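Everything below concerns the one structure shown next.
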């Protein structure tokens with residue numbers, strides 16, 4: 001999955017996943033995190049992962065014409 005495809009998925013402010021639910025997606029998200037485009041936070045309660053988009057990720061989304069639906 002290309003970074004652009006992942007960012008399109010992440011534009012939903014309520015996006016959540018987990019490693020158990022979707023290990024391939026989490027692997028791809030880790031690559032975006034390493035690139036500095038997102039930050040991942042794992043819930044201690046249920047292991048779900050939420051994502052915050054960094055300034056670099058927001059700038060890339062803007063260049064792609066994507067509007068993020070939540071706070072950054």
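For this structure, a couple of remarks:
- Net lengthening on full extension, residue 54/residue 14 (0.36 nm per residue, minus Cα-Cα): 12.8 nm
- Kirkwood Rh and Cα Rg combined as Rg over Rh, evaluated for the chain: 0.94
Quick note: the coordinates plus some simple rules give every number you see, no bench work behind them. A quick note: this is a predicted structure, and the numbers were derived from the prediction, not measured.
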